[in-house]
């Protein structure tokens, strides 16, 4: 399965960043995450969990992790 990886940054000089890909077809409920420095180490989650995470980030629920 070929995934369409999307960089989670618009900084072309960023040395390290996260990439995300969304499954398609029968795999449409899956979301895949990896870093550009370890592209073979892929974390898989569901679209429902991903959406909840994104809403939590937008709501500031993870702000206490910034700067750790």
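For this structure, a couple of remarks:
- Per residue, the average separation of C-alpha pairs within less than 8 Å and at least 6 apart gives the chain a relative contact order of 19 percent.
- With the convex hull of its Cα atoms as the shape, the stretch 4-50 has an orientation-averaged projected area of 3.5 nm².
- Ordering of 52-63, 17-28 by packing [mean C-beta count within 10 Å, highest first]: 17-28, 52-63
- Each of residue 43 and residue 66 was given a label point 7 Å from its Cα along the Cα-to-Cβ line. The distance between the two points is 1.9 nm.
- Our helix-only sum for the chain, with -39,500 (n - 2.57) per DSSP H run of n ≥ 4 divided by its residues, gives a mean residue ellipticity at 222 nm of -5500 deg cm²/dmol.
- Note on the stretch 1-16 and the stretch 30-65: Cα centroid distance 14 Å, given to the nearest whole angstrom.
Bear in mind these aren't lab numbers, they're just calculated from the coordinates by the rules spelled out. This one's a predicted model, so the numbers in the text were calculated from it and none came from an experiment. Don't worry about glycine lacking a Cβ; one is built from the backbone with ideal geometry, like all the others, and counts go over all protein chains shown.
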